[in-house]
Structure formats: C-alpha cells, structure tokens
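Q: Below is the structure I would like to discuss, written out as structure tokens.
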Amino acid sequence: MSVTVEFHYDFGSPNTYYCHRVIPEIERRTGIRFKYTPVLLGGIFRSTNNIPPIQQFAEVKNKLEYHALETARFVKKHDIDRFVFNPAFPVNTLLLMRGAIFASDKEYYEKYIEASYQGMWELGLDMSKPDLAGKHLSESGLPAEEILSSTQSPDVKQQLIDSTALSVEKGNFGSPTFFVGNEMFFGKDRLYHVEEEIIKQLG
C-alpha cells in the first residue's frame, strides 16, 4: 500500500529545521519518503489571520519560557547539535522559497533544501540577501545563478502563491505542517503522531 506524506515547510521557521533533521529517522523506520512542499509562511499567516508564536504569546507569563524548555528537550532527544539561532531572524524567505519551487523538479532539490537549511540555521546567514544566498548556494555545489534568476520568473512566483493557497485550502495555518494522506498534523511535537499514522495507513 502506498502512503503519501507531505511536509509543508518554509525555511524561515526554525521548527521546520528541527523537523528536517528528524524526518530521515522516520523515513528509515517506515520506508516512506516525505514529499517536501514549499509554502510561504507569511502568506499562510495572512490568509488565516495567524501570527507568529513569539508575538502571539509575548504577553503570556511563562509561555515563551516553557516553549524554550520544550524545544531544548526536543533538540536533546534527537541529538540536533548544529543549530544556531539566526541573528537576522525573522528572515524574509521569499527568495529561498521561490528557489525551492524552481528546484522542486530538479535532481538537486534535496541538495538545495539541505543547503538552505544549513545557511539559515547552522551558519546564521541572512539568506534574504541575494549575494549571501548565491555565494552559499554556489559553495554548496548548486547552480546559484540559475536558481536566483528563476526567482524573478512570473511562473515561479505564481507556483509559490498557488502552493501556499492550496496548503491553506487543505487546512494549514502555519509550519511545520504534515499531511499523511488526508490527515493533517501541525508542529514538530506531532512527528510521533505522523509516524503512527504512516504505520496505520501502511496496514
């Protein structure tokens, strides 16, 4: 039985980076590959009247402190040891996500995803800047000029808009979000449930 698993991601979310580091573990255990679906988190927020947690819970006593504790536990559990909080956060990822759309049907898509996450959350680069992004992508062995040029293509721009809109239509309101078939799961802490659902659907 075939099981379809989609990971709706935006490089600007550190939580999607954590998921990216854990997903290979689930793929190895289940034998199911995740499909990485690029979306623009800002567009999702606008469409759903959502706001980032750092703003949403800024005035809630103890909430952000607990979130930090929960994240530390997750990082420790999964041995995620290369994470560096990006000093330019929040980073405008429009350039990167358009690049992801362009790369999504290329043989180097996985390499592009890895390089972008490394730049954002291991090297702390402001990947919204074409010169910095281009230099990093090139050093990662990717066709940076081709990718950056594609981000100005009307077709690529529209594909990102459409991908984001379709994600919202499916029920998404943020990222990281997963769809196992038609079942939706939100947040890095739902990865356990994602794996359970994969196994359930595998029968």
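The values are calculated or read from the model by the stated rules, or taken from the named source; none is laboratory data. Please read these numbers as outputs of a predicted model, since none were measured by experiment. In this analysis, Cβ positions are derived from the backbone assuming ideal geometry, glycine residues included, and neighbour counts consider all displayed protein chains. What goes into the accessible areas is simple: the full protein's heavy atoms, side chains included, and nothing from ligands, DNA or RNA. Shrake-Rupley method; radii C 1.70, N 1.55, O 1.52, S 1.80 Å.
Q: May I ask for the Rg/Rh ratio of the chain, computed from Cα atoms with Rh as the Kirkwood radius, given to two decimals?
A: Numbers: Rg = 16.7 Å, Rh = 17.5 Å.
Rounded to two decimals, Rg/Rh equals 0.95.
Q: Please express the shape of segment 103-199 as an equivalent ellipsoid: the semi-axes are the square roots of 5 times the eigenvalues of the C-alpha gyration tensor, given largest first in whole angstrom.
A: Semi-axis lengths for segment 103-199 are 28, 18, 12 Å.
Q: Take the cross-link list 63/157; 35/129; 111/170; 111/188; 135/157; 61/188 and give me the ones stretching past 29 Å between alpha-carbons. List each step's numbers first, then the result.
A: Numbers: 63/157 36 Å; 35/129 27 Å; 111/170 27 Å; 111/188 22 Å; 135/157 22 Å; 61/188 23 Å.
Going by Cα-Cα distance, 63/157 fall outside the 29 Å limit.
Q: Can you give me the C-alpha center-to-center distance between segment 108-149 and segment 11-86, rounded to a whole angstrom?
A: When both Cα centres are located, 20 Å separates them.
Q: A further question follows. Once Rh is set to the Kirkwood radius over Cα pairs, what Stokes-Einstein translational diffusion coefficient, in µm²/s, holds for segment 51-150 at a temperature of 20 °C and a viscosity of 1.002 mPa s? Display every interim value, and only then the final one.
A: Working: Rh = 15.1 Å.
Reported coefficient: 142 µm²/s.
Q: Something else about it: To the nearest 0.05, how large is the calculated FRET efficiency for residue 59 and residue 189 if R₀ is 25 Å and r is the Cβ-Cβ distance? Don't jump to the answer; show the numbers that get you there.
A: Values: r = 23 Å, r/R0 = 0.91.
Once the sixth-power term is evaluated, E becomes 0.65.
Q: Taking amide H positions as placed 1.01 Å from N in the peptide plane, with prolines and chain starts having none, which residues 5 or more places from residue 37, or on another chain, fall under 5 Å of its amide H?
A: The list, which skips near neighbours in sequence, is 7, 8, 9.
Q: Only loop residues by DSSP count here, and only those with at most 15 other Cβ atoms within 10 Å; note down the trypsin sites (Lys or Arg not before Pro) in segment 94-201 that meet that. The partial results should precede the final answer.
A: Details: sites: 98, 106, 111, 135, 157, 170, 188, 190, 200; in loops: 106, 170.
For trypsin sites (Lys or Arg not before Pro) across segment 94-201 that sit outside H, G, I, E and B with at most 15 neighbouring Cβ atoms in 10 Å, the list reads 106, 170.
Q: Follow-up question, since we're still on this one. Just for the chain, what percent of DSSP beta bridges are antiparallel, to the closest 5?
A: Values: 8 of 13 bridges.
Looking only at bridges with both residues in the chain, the antiparallel portion is about 60 percent.
Q: Nearest 20 debye, what's the magnitude of the dipole of the chain about its Cα centre given +1 on Lys and Arg Cβ and -1 on Asp and Glu Cβ?
A: Details: 22 positive and 27 negative charges, 78 e Å.
The calculated dipole for the chain is roughly 380 debye.
Q: Mind checking which aspartates and glutamates have their Cα closer than 14 Å to the Cα of residue 200? Skip sequence neighbours fewer than 8 apart in that chain.
A: Correct list for residue 200: 183.
Q: Still on this model: Would you kindly work out the equivalent ellipsoid of segment 1-89 from its C-alpha gyration tensor and give its semi-axes, the square roots of five times the eigenvalues, largest first in whole Å?
A: Values: eigenvalues 130, 74, 29 Å².
Semi-axis lengths for segment 1-89 are 26, 19, 12 Å.
Q: Work out the FRET efficiency for residue 4 and residue 47 from their Cβ-Cβ distance, taking R0 = 22 Å, and round it to the nearest 0.05.
A: Values: r = 23 Å, r/R0 = 1.06.
It comes to 0.40.
Q: List the relative contact order of the chain as a percent without decimals, with contacts defined as Cα pairs under 8 Å and 6+ residues apart.
A: Values: 266 pairs, mean separation 70.6, N = 203.
Over the chain, the number comes to 35 percent.
Q: For the chain, with every protein chain kept in place, what is the accessible area per residue (1.4 Å probe, Å²)?
A: 53
Q: Suppose R0 equals 25 Å. What FRET efficiency, 1/(1 + (r/R0)^6) with r the Cβ-Cβ distance, do residue 158 and residue 83 give to the nearest 0.05? Please report the intermediate quantities before stating the final value.
A: Working: r = 33 Å, r/R0 = 1.33.
For residue 158 and residue 83, the calculated efficiency is 0.15.
Q: Also: For a quick check, take a GNM of the chain with Cα springs below 10 Å and name the residue from 36, 192, 18 with the largest mean-square fluctuation.
A: 192
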